[in-house]
Number of protein chains: 4
Amino acid sequence: MAVPTAARATLAQQRIETPSWAYANSGTRFKVFAQPGVPRDPWEKIADAATVHRLTGVAPTVALHIPWDRVEDYAKLSAYAAEQGVELGAINSNVFQDPDYKLGSVTNPDARIRRKAIDHLLECVDVMDATGSRDLKLWFSDGTNYPGQDNIRARQDRLAEALREVYDRLGDDQRMLLEYKLFEPAFYTTDVPDWGTSYAHCVELGEKATVCIDTGHHAPGTNIEFIVAFLLRANKLGAFDFNSRFYADDDLMVGAADPFQLFRIMYEIVSAGALAPEAGIAFMLDQCHNIEAKIPAIIRSVLNVQEATAKALLVDADALAAAQRSGDVLGANAVLMDAYATDVRPLLREVRADMGIDPDPIAAYHASGYQKRIEADRVGGTQAGWGA
Amino acid sequence: MAVPTAARATLAQQRIETPSWAYANSGTRFKVFAQPGVPRDPWEKIADAATVHRLTGVAPTVALHIPWDRVEDYAKLSAYAAEQGVELGAINSNVFQDPDYKLGSVTNPDARIRRKAIDHLLECVDVMDATGSRDLKLWFSDGTNYPGQDNIRARQDRLAEALREVYDRLGDDQRMLLEYKLFEPAFYTTDVPDWGTSYAHCVELGEKATVCIDTGHHAPGTNIEFIVAFLLRANKLGAFDFNSRFYADDDLMVGAADPFQLFRIMYEIVSAGALAPEAGIAFMLDQCHNIEAKIPAIIRSVLNVQEATAKALLVDADALAAAQRSGDVLGANAVLMDAYATDVRPLLREVRADMGIDPDPIAAYHASGYQKRIEADRVGGTQAGWGA
Amino acid sequence: MAVPTAARATLAQQRIETPSWAYANSGTRFKVFAQPGVPRDPWEKIADAATVHRLTGVAPTVALHIPWDRVEDYAKLSAYAAEQGVELGAINSNVFQDPDYKLGSVTNPDARIRRKAIDHLLECVDVMDATGSRDLKLWFSDGTNYPGQDNIRARQDRLAEALREVYDRLGDDQRMLLEYKLFEPAFYTTDVPDWGTSYAHCVELGEKATVCIDTGHHAPGTNIEFIVAFLLRANKLGAFDFNSRFYADDDLMVGAADPFQLFRIMYEIVSAGALAPEAGIAFMLDQCHNIEAKIPAIIRSVLNVQEATAKALLVDADALAAAQRSGDVLGANAVLMDAYATDVRPLLREVRADMGIDPDPIAAYHASGYQKRIEADRVGGTQAGWGA
Amino acid sequence: MAVPTAARATLAQQRIETPSWAYANSGTRFKVFAQPGVPRDPWEKIADAATVHRLTGVAPTVALHIPWDRVEDYAKLSAYAAEQGVELGAINSNVFQDPDYKLGSVTNPDARIRRKAIDHLLECVDVMDATGSRDLKLWFSDGTNYPGQDNIRARQDRLAEALREVYDRLGDDQRMLLEYKLFEPAFYTTDVPDWGTSYAHCVELGEKATVCIDTGHHAPGTNIEFIVAFLLRANKLGAFDFNSRFYADDDLMVGAADPFQLFRIMYEIVSAGALAPEAGIAFMLDQCHNIEAKIPAIIRSVLNVQEATAKALLVDADALAAAQRSGDVLGANAVLMDAYATDVRPLLREVRADMGIDPDPIAAYHASGYQKRIEADRVGGTQAGWGA
């Protein structure tokens, strides 16, 4: 299959943001298995993210999570990142770990707690001002566990009110990304359970509010690429939180559970011309590497997104459109599958060589000695995790 | 538990629409099992619907399905219904059974077929003019079976265009109800797969367009009462197609699979003051009685909705709000469960006695001799089914 | 509905085991919200369990979890329980929290770790000898997160080998209960994912091995009462871990999410004559009270099981069998629903009064002052949770 | 990636059975869309199957469905098949389309109907004697739609009794394949809903009874390759009914919805040495080509199984085992993914060239003129479908 030169350039310019917390310890409610060499503070997380970028060439930003990545001086953190060769990316808020949020944050029946939660979100915008971040990512764990526990409509009113206040605080070049999730940690209702809810609030808020799709946050059977296509058409897709799942919000490496789905998602992106940074869609990882080595897992995830993108770029758009127009079901499917069946790893190795990096980032990581170094250096102190 | 007088009046005034096609034969792709006494034409369906209304007192309208219920003279059909004591209700379109619709109706890549489909929808509005029906119910089986088969975004464009044309044809007192469904008969994408898609189109169309919730059309785990609450708050809930399911779109009797869910749905309705006919929400059944006797199954379904409604009316709203405000999770849940645990059948028997009908509609049906009569009378001809 | 005297006696003799860990703190991977008054050691957990039994009359045993409930002297713990009015119940093993178990316990590729895990299971049998417990409950979190991570068949071999060694260690009056779970914490394969796997191993092991059904451990759409019925017929149902869920393994209060399902499960039990203690089926709770008050939640759960049981006992078995025999689908369903629709709370209040306890255990708990007392007394130390 | 010579030989000797009914019309409960050229009788179905075999070289047998493929003289049909270059394969029974089976066939409460159903199954064994078929495939649509409709345990007793009688009728070289399915057409209970049920009955019956896995018959989230591995280990896997699904039993082309899953399944087969015909596992397609051209869809499906098999054969078993042994999660996963990412189409083209057939069977079909011929020839008469 001939590879257009444009595709090579596109692949070299792709941007995938890695999340600071993926470098830290994570686990399930049953157990967090600590790993040697895990960062103890935001600086070390950034060093790891920079390593991933050096090796892959397409991960130039790192998302922060407040308060996990709270520092005294964000300018200094930003400068450190720059030194390391990366930039600070989206700011992720956290209104789910304070004891006050047991029954909700911005949708809590208690006005005092809502105020506290909104204040945290506003603080996150302050951080954005300091870091120069464009995106505020909002995920609310808010919801209820039992029928009757709270008033569903009232919670929507509270949610709308909070979102409005935060939205109004955004600067001209800042955006709000509203994530949705079917369940967990709430087990009966979740206040932003699906894309429809997020979309409706974003439409009401205005153009700076867009939907963030976490690929692991859907009900079984949900066709995610349909949502991607719909939101692209409505100009309301702002970001992805990539990961993969076999069951619930498993947070496995993106592309690990269903690489064909990832390809279909990327094909919607590519075919809508939404891959380029100017299109304004943030492609971020949001994963947990509970049992596998973290940095190689993140590199692997970046490669998986690249491979899916490369395959999407290989789809013969004209042939596809012709088959679709003529109602040739098998022909149209075959055009898509032809791209998917292609082994794009040689192409990506070439792209990397052209970028001046090692064609095999995983092998390069293992050869680099980085892992041994951090395991030796990062001794003492408290390893970062979801709690810190 | 004390029953407020208002609750009794509300129950007596409840309105549940039965669908003409539920009186006809139905089945699965594996087999349609015919039943004796099944109607052979719209007139006989209306006679059956009228029987259900006579016995329950709360099923005064019957939904039609075009072309299954196409007649020469709708005024005559309407007059016949009136004689029988019922009115004609929503008009349901059918753009899924003509061979032309194999790859879609209003979203078909072929403009000629789209035109044909839209013309059918416009014809349905003509029927509404003739029958005096308020509601046009639109369910599109449109979608694709294979990745790549068609362009997801282009299909949304076509959908929007078709909906617009039909919307603009609606009279001042007419409405469009846009149903959604996750899958079946399309097995990869469905063009209106979820409430978000329906909602977004309805918002774009205008206030005469509202969402229709079929309780069997969701992904596993979907919290339907959340959708009800959300749409009520957004003033975009137009109708229910009631039925129940354990797996997919099983179309079992409403309340048969998860009576607690039906109660929770009705509680959202009751608590939003949306039960009264003036609220403009159509409560309709849409079921298949594949193996059970049809008329008794429909009566049973009407009773199930009544029982869920009665329980919802018994919820102590003040106590619930107080518990919710104070964050008393168990207390709030207990208020709701207290109503659910109540046996409301004695209350409903009293309501029926006050309405002058038999307190036990199922027994009354069996005692009426109606079933024997139709089995004896409806011999010869072709029984109605989904194909006719 | 007339209530047979036998039903009253049966209800008074019902036995529901509560789990020591449900009195402790629990949560999700996102946050454990601590509650005041939570026990700090096994003794305090037993005191709470005894309180539940005093108030409900049907919770005479408490399950232990090793190592969370490890003590120096089990005889002393047993004697303390007896003083409090309860007995020690099933021993639950824990082979999921040691760092060594990151890639599995008894199915780990490393023989040293398998040995360690088996030794823990054998230690649990030692504890059973000391406590006089009949049942060893085995739940294995073992599995893999990524395709290829380990050899599925080899893991079954290792599992079989471990189970055999433990089985052979059981005393004459001891049993093994093998639990299954679809997923979590493993997100690709789980080594005992479904009842079929558990059943197959139990058949191979022998008659002292039986299946434990945790009601929250199934794939969406699974018909649990079918499994109950199947295992009862095969004489391989040993126990229930009761809880309820809307989504995954939510561990909500049993009966809170789908009370009709709980009723259907209990009907299978009742109709098979398997409710009586002599039938050898252990009815246990296994829940997490993350946001609601723990002791009242456990009382509520016990009452929910009682209510479902009472309804099951009210089913008119003769009428049901007659309707089933004659193929009367609606008639048979109506017999079952008639029992379900009955408000059994008055009956249960009478049963409690006959047992000499307060007819309203929840109110009695609130009136007892127990909660205030433990909140005042249990200050300092470390609250028990899943980690301790 | 170097391809072992053995792999080429294995691919050339692979055997995939196509089902006679997949060449006929099919659809959903909403509509069966007829296609031109569809066979009108078993002879024409066999001609189509032979065409698929001529083009692919790996589909040498065709499964029959009784009564859809009932003929006067099976010896003649067999001879006709041989002339065409194929053999008759598994005999599929049908106890779901007679009006008598509305409430079940072998599990029906009515003994007369059970007798009738068993007699049909015995007739199928007679057909096997005549055709020389080894396998009797049993799929029971039996189940219930409503709680209480029938006695779950009694239905198992009836099932066991029927299976025993049929099993005892099998000849020395004949086998019974017991298929399971979660739901549809039964919507509450299904009498053989999962692999556990099928397995348990097969174990009880004896070694001639084995489980048939239809890849579309599971609950969402079910790990099918686990079941494959488990049954292989237990020596109870007899056959596959291949197809694919996004939602329920969609019966799409195998490999179309989740090619990675198909690869994982085939890897379990390959790694257990169970691909060879001597291993006794029948690999069959069971699909519906509702909207796509049927013969090319079947060819595509055969190719999809071949491609998954080829990738499975490329897995570096030694490297995989080494990574697994050392607990290298990412390394083991990478070994598997390396094979999956390989484009095996060139290899398969070579294998086909070596077999003396066209390297591109789809193109060869289109070039053959077969489709035009059957469309011209098969005019008049009644097209075959599920009803005939």
| query | From the backbone phi of region C:289-303, what are the Karplus-calculated ³J(HN,Hα) couplings (6.51 cos²θ - 1.76 cosθ + 1.60, θ = phi - 60°) in whole Hz, Gly and Pro given as x? | reply | 9, 5, 10, 9, 4, 6, 5, x, 5, 6, 4, 4, 5, 4, 5
| remark: In short, region B:28-55 residues buried by 20 Å² or more of accessible area relative to the isolated chain (1.4 Å probe) are B:THR28, B:ARG29, B:PHE30, B:LYS31, B:PHE33
| task | Note the distances from B:ARG15 to each other copy's matching label point, with points 7 Å along the Cα-to-beta-carbon direction, in nm, sorted shortest first. | result | 5.5, 5.8, 6.6
| query | In region D:329-355, which residues become less accessible by 50 Å² or more once every protein chain is in place, relative to the chain on its own, using a 1.4 Å probe? | reply | D:VAL329, D:LEU330, D:ASN333, D:ALA341, D:ARG345
| query | Using the alpha carbon gyration tensor of region C:327-388, what are the three equivalent-ellipsoid semi-axes (square root of 5 times each eigenvalue), largest first, in whole Å? | reply | 42, 20, 8
| task | Extending each Cα 7 Å along its Cβ direction at D:ALA317 and A:GLU350, get the distance between those two points in nm, one decimal. | result | 3.5 nm
| said: Compute the orientation-averaged projected area for region C:159-292 from the convex hull of its Cα atoms and round it to one decimal in nm². | reply: 8.7 nm²
| remark: The Cα extents of region A:28-94 along the principal axes, largest first and rounded to whole Å, are 37, 28, 18
| Between copies, how close do the D:ARG40 label points come, placed 7 Å along Cα→Cβ, listed in nm from shortest? | 3.1, 8.4, 8.9
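FRET efficiency for B:ALA6 and A:ASP157, Cβ-Cβ distance as r, R0 = 22 Å, nearest 0.05? Write out the running numbers ahead of the final one.
Values: r = 26 Å, r/R0 = 1.17.
It comes out at approximately 0.30.
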| query | Which ³J(HN,Hα) values, rounded to whole Hz and listed in residue order, are derived for region A:362-370 from phi using the Karplus coefficients 6.51, -1.76 and 1.60 in 6.51 cos²θ - 1.76 cosθ + 1.60 with θ = phi - 60°, glycine and proline given as x? | reply | 5, 4, 4, 5, 4, 6, 6, x, 4
| request: Report the relative contact order of region B:258-318, percent, no decimals, based on alpha-carbon pairs under 8 angstrom and at least 6 residues apart. | output: 57 percent
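Quick check of the Kirkwood formula: for the protein assembly as shown, what is the inverse mean of 1/r over all pairs of different Cα atoms, in Å? Walk me through the numbers before you get to the answer.
Values: mean 1/r = 0.0296 Å⁻¹.
Final number for the Kirkwood radius of the protein assembly as shown is 33.8 Å.
Please report how many Lys pairs in chain B have alpha carbons closer than 15 angstrom, counting only residues at least 8 apart along the chain or sitting on separate chains.
8
Of all DSSP beta bridges located in the protein assembly as shown, what percent are antiparallel, nearest 5? Write down the numbers at each step before the final one.
Numbers: 16 of 116 bridges.
Of all bridge pairs located within the protein assembly as shown, approximately 15 percent are antiparallel.
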| For region B:121-149, which residues drop by 30 square angstrom or more in accessible area between the chain on its own and all protein chains together (1.4 Å probe)? | B:ASN145, B:TYR146, B:PRO147, B:GLY148, B:GLN149
| query | What residues have an amide H closer than 5 Å to that of D:VAL254, excluding those fewer than 5 places away on the same chain, when H is modeled at 1.01 Å from N in the peptide plane? | reply | D:SER244
| said: Buried accessible area between C and A (1.4 Å probe, both chains summed, ligands and nucleic acids excluded), in Å² to the nearest 100? | reply: 3900 Å²
| Which value in nm describes the separation of the simple spin-label points at B:ARG112 and D:GLN13, placed 7 Å from the Cα toward the beta carbon? | 5.3 nm
| note | The long-range amide H neighbours of B:GLY89, using H built 1.01 Å from N in the peptide plane and a cut-off of under 5 Å, are B:VAL62, B:ALA63, B:LEU64
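Two decimals is fine: what's Rg over Rh for region C:13-311, C-alpha atoms, Kirkwood radius as Rh? Mind showing how you got there, number by number?
Numbers: Rg = 18.0 Å, Rh = 19.3 Å.
Taking Rg over the Kirkwood Rh, I get 0.93.
Using helices alone, I'd like the mean residue ellipticity at 222 nm for the protein assembly as shown: each DSSP H run of four-plus residues gives -39500 (n - 2.57), total over residue count, nearest 500. Numbers along the way, then the final one.
Numbers: 56 runs with 712 residues, N = 1552.
Rounded to the nearest 500, the figure is -14500 deg cm²/dmol.
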| Dipole-positive endmost among B:PHE283, B:LEU232, B:PRO67 within chain B (Cβ charges, Cα centre) | B:PRO67
| task | Sticking with the crude label model, points 7 Å out along Cα→Cβ, report the distance from C:GLU72 to D:ASP129 in nm, one decimal please. | result | 7.8 nm
| field | Copy-to-copy label separations for B:GLY273, where each label sits 7 Å from Cα toward Cβ, in nm and ascending | value | 4.9, 5.9, 7.7
| message | Computing the accessible area with a 1.4 Å probe over protein heavy atoms, can you report the carbon and sulfur percentage for region A:231-388? | response | 50 percent
| task | Mind checking which chain A residue has its Cβ closest to the axis relating A to B, and how many whole Å off it is? | result | A:GLY196, 1
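Enter the mean number of other protein chain beta carbons within 10 Å of the beta carbon of each residue in C:153-166, as an integer. Intermediate results must be reported in sequence, preceding the final value.
Working: counts 10, 5, 3, 6, 1, 0, 0, 1, 0, 0, 0, 0, 0, 0.
For this peptide, the per-residue mean of nearby foreign Cβ atoms is 2.
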| ³J(HN,Hα) across region B:254-259 via Karplus (A = 6.51, B = -1.76, C = 1.60, θ = phi - 60°), whole Hz, x for Gly/Pro? | 4, x, 7, 8, 8, x
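Share of region C:88-218's accessible area from carbon and sulfur, percent, 1.4 Å?
Working: 1620 of 3590 Å².
Carbon plus sulfur share of accessible area: 45 percent.
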| remark: Of region A:1-43, those with amide N under 15 Å from the point 7 Å along the Cα→Cβ vector of A:ASP173 are none
| Solvent exposure of the protein assembly as shown as accessible area per residue, Å², 1.4 Å probe | 31 Å²
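The values are calculated or read from the model by the stated rules, or taken from the named source; none is laboratory data. What you see is a predicted model, and the numbers here were worked out from it, not measured in a lab. Reconstructed Cβ throughout: ideal geometry from the backbone, glycine too, with neighbour counts over all protein chains shown. Calculation scope for accessible area: heavy atoms of the full protein, side chains included, ligands and nucleic acids excluded. Shrake-Rupley method; radii C 1.70, N 1.55, O 1.52, S 1.80 Å.
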